[in-house]
Amino acid sequence: MRLLIARTEVEGRLVDVRVQGGQVAEIAERLRPLPDEEVVDAGGGALLPGLHDHHVHLLAMAAAEHSVVCGPPTVSDAAGLSATLRKAASGLPPGSWVRGTGYSESVAGLLDRVALDEMVPDHPVRLQHRGGALWILNSAGLTAVAHALDETLDVERDAAGRPTGRLWRYDDRLRAAVGAAPPDLTSTGAQLASYGITGVTDATPDLDEKGLELLTSAVHDGRLPQAVQLLGAATGTPLLPAMSVGPHKILLRDHDLPGLDHLADVIGRTHQAGRPVAVHCVTRESLLLTLAALEIVGPCEGDRLEHAAVVPPELCEALVAKGLTVVTQPSFIATRGDDYLASVDPRDVEHLYPYATLLAHGVPTAPSSDAPFGDPDPWRTIAAASSRRTRSGTVLGAHEQVDARIALSGFLSPLRSPGAPPRRVEADSPADLCLLGEPLETSLAKPSAELVVLVIRNGEPVHGR
């Protein structure tokens, strides 16, 4: 496709931009349209490289579309949760599952099968905690998947030896036991494109063959138009040109952290294979463990921390010394901040999801969504990074606020190097582009996905208004 974007703002200049052959072919103050060239008048709107979300879970995003939201702000108490689940179950054929997502203890405490039985006794229910690591099943659900329960692994039991219904890290086994239909990534790809996102890093750990097949198929046929980097694919996995293997995801279970020697061995073997690691760290303890393991085996270029949810300032120098990058989620302050204030250790509250502090110490840092566990809209994440306001309006960690331009720059950094200098719209660069309806300064004064008017991936439009 040949396209001329006229009167668009690029790095503060009003120019015309020609797109041809999957690249930005030419930029000048005025370009004459070529025969058969489609012309888009940008009217002074900013033209950016397509945004990159550096931490998402694509298959979980697709699956969440067929679920009911069971957490704040949609559901705020036990009565609301019961009503939501009962409504979802009403009219379902016998044996059909009710799938809920986004649950938080602030709604009705630490649920178990008994509590869920009181809400929905006659349909199997599986409810996912908003952190993504925990599924809670009612008795009907446990009965339906009893054949797949491993009694020696992650099946929590009460004093009488009966399963509580709380299953940790059971995603793959639970999906297979339920027999759920494979998620369709069409709307997920379209949703991401509507935000201006042309590249994502899928952070699903230990991606199985079926999951890889689903993602590959969706990229191949265009249902998923983004470039996709995979943290959970095996080293050396053959992939489509639009896909790549990223750092190896290491998931630290904070309720059951591995021994130091074991973690050091895993990181060391990964480095020996020529691959950096991406370590899931959401507590002070998991961060300290990771730093200790890297002290033993040494760092590798490209090593990164996923979340780094608690980073005391005194540890920033250690991150710099080991060359670590942080991929953070500012939107959690907006969506979960009030819960954090009520439940997080007071010594950690001021160090939650740091951003400005990391940058001030020279730690490469980039924002991401962690969708579907976080808000998938990057523009709301940009707003959250600059305001640090919770839903109640409380500012949580004002010292961690960053300018909206800085947060946007993180979304413009390369998939392989989150937090590196942002990609630019320039001649011979890939035509992965996001056109806004307003100049950049106006757009960032009140960030919104509504400002995205045209998105181009590899020279072809994938979203337009």
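Name the residues in region 8-58 that are open to solvent by less than 50 Å² (accessible area, probe 1.4 Å), outside any strand (DSSP E or B), hydrophobic (A, V, I, L, M, F, W, C) and more than 14 Å from L436 (Cα to Cα), would you?
Passing the criteria: L31, L58.
Among what's in region 351-369 and is of a type in the set (A, V, I, L, M) and in contact with a Phe, Trp or Tyr (Cβ under 9 Å, 6 or more places away or on another chain), pick the residue that is farthest from A404 (Cα to Cα).
Looking at the filtered set, the residue picked out is L352.
Looking only at region 372-383, decide whether some residue is open to solvent by less than 30 Å² (accessible area, probe 1.4 Å), out of contact with any Gly (no Cβ under 8 Å at 6 or more places or on another chain) and of a type in the set (A, V, I, L, M).
yes
One line per residue, one yes/no per condition, for (1) over 29 Å from L3 (Cβ atoms); (2) at pLDDT 95 or above; (3) in contact with a Ser or Thr (Cβ under 8 Å, 6 or more places away or on another chain):
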residue	(1), (2), (3)
L358	yes, yes, yes
G362	yes, yes, no
P376	no, yes, yes
G410	no, yes, yes
R457	no, yes, yes
P461	no, yes, no
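For the list (1) closer than 21 Å to Q329 by Cβ; (2) modelled with pLDDT of 95 or more, I need the number of the one condition that L185 fails.
Going through (1) closer than 21 Å to Q329 by Cβ; (2) modelled with pLDDT of 95 or more one by one, L185 breaks only (1).
Hey, P73 hits all of (1) in contact with a Leu (Cβ under 7 Å, 6 or more places away or on another chain); (2) open to solvent by 30 Å² or more (accessible area, probe 1.4 Å) but one; which does it fall short on?
(1)
Residue-wise test of (1) open to solvent by 20 Å² or more (accessible area, probe 1.4 Å); (2) more than 24 Å from D202 (Cβ to Cβ).
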{"residue": "L260", "(1), (2)": "yes, yes"}
{"residue": "D265", "(1), (2)": "yes, yes"}
{"residue": "C281", "(1), (2)": "no, no"}
{"residue": "P312", "(1), (2)": "no, yes"}
{"residue": "L315", "(1), (2)": "yes, yes"}
{"residue": "L341", "(1), (2)": "yes, yes"}
{"residue": "V344", "(1), (2)": "yes, yes"}
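Report, by residue number, each residue of region 100-130 that is open to solvent by 40 Å² or more (accessible area, probe 1.4 Å) and in contact (Cβ under 8 Å) with a residue 60 or more places away in the chain.
E105, S106
Residue check, V320 against (1) of a type in the set (A, V, I, L, M); (2) touching a helix residue (DSSP H, G or I) at 6+ places or on another chain (Cβ under 8 Å); (3) open to solvent by 30 Å² or more (accessible area, probe 1.4 Å), all met but one. Which one?
Every listed condition holds for V320 apart from (2).
Please verify whether T201 is touching a residue at least 60 places away in the same chain (Cβ under 8 Å), assigned to a strand (DSSP E or B), within 23 Å of A133 (Cβ to Cβ) and touching a strand residue (DSSP E or B) at 6+ places or on another chain (Cβ under 8 Å), treating the condition exactly as stated. Reasoning before the result, please.
Values: touching a residue at least 60 places away in the same chain (Cβ under 8 Å): yes; assigned to a strand (DSSP E or B): yes; within 23 Å of A133 (Cβ to Cβ): yes; touching a strand residue (DSSP E or B) at 6+ places or on another chain (Cβ under 8 Å): yes.
In short, yes.
So which residues in region 231-255 are in a loop (DSSP other than H, G, I, E, B) and closer than 15 Å to D208 by Cα, if there are any at all?
L231, G232, A233, A234, T235, G236, T237, P238, L239
Name the single residue that is most open to solvent (accessible area, probe 1.4 Å) among those in region 346-362 being over 27 Å from S443 (Cα atoms) and not in a helix (DSSP H, G or I).
E350
As an exercise: evaluate P447 against (1) outside any loop (DSSP other than H, G, I, E, B); (2) surrounded by 20 or more Cβ atoms within 10 Å (Cβ to Cβ) and give the number of the one condition it does not meet.
Unmet for P447, out of (1) outside any loop (DSSP other than H, G, I, E, B); (2) surrounded by 20 or more Cβ atoms within 10 Å (Cβ to Cβ): (1).
So, in region 273-293, exactly how many residues are farther than 16 Å from V311 by Cα and in contact with a helix residue (DSSP H, G or I) (Cβ under 9 Å, 6 or more places away or on another chain)?
The number of residues fulfilling the criteria is 3.
Out of all the residues in region 150-169, is one or more of a type in the set (D, E), at pLDDT below 90, under 21 Å from D256 (Cβ atoms) and assigned to a strand (DSSP E or B)? Walk me through how you get there before you give the answer.
Kept after step one, since they are of a type in the set (D, E), are these residues of region 150-169: 150-151, 154, 156, 158.
Checking the rest, the ones that are also at pLDDT below 90 come to 150-151, 154, 156, 158.
Narrowing the set further to residues that are under 21 Å from D256 (Cβ atoms) leaves 150-151, 154, 156, 158.
After this cut, where a residue has to be assigned to a strand (DSSP E or B) as well, the list is 156.
Yes, that holds for at least one residue.
Scan region 423-444 residue by residue and report those that are surrounded by fewer than 16 Cβ atoms within 10 Å (Cβ to Cβ) and touching a residue at least 12 places away in the same chain (Cβ under 8 Å).
Within region 423-444, R424, E426, A427, D428, S429 qualify.
Considering (1) assigned to a helix (DSSP H, G or I); (2) out of contact with any Pro (no Cβ under 6 Å at 6 or more places or on another chain); (3) open to solvent by 30 Å² or more (accessible area, probe 1.4 Å); (4) not aromatic (F, W, Y), say which one A140 fails and leave the rest.
Only one criterion in (1) assigned to a helix (DSSP H, G or I); (2) out of contact with any Pro (no Cβ under 6 Å at 6 or more places or on another chain); (3) open to solvent by 30 Å² or more (accessible area, probe 1.4 Å); (4) not aromatic (F, W, Y) is unmet by A140, namely (2).
The values are calculated or read from the model by the stated rules, or taken from the named source; none is laboratory data. Worth saying up front: this structure is predicted, and the values here are computed from it rather than measured. Virtual Cβ from ideal backbone geometry, glycine too; neighbours counted across all protein chains shown. Accessible surface areas use protein heavy atoms only, side chains included; no ligands, DNA or RNA. Shrake-Rupley method; radii C 1.70, N 1.55, O 1.52, S 1.80 Å.
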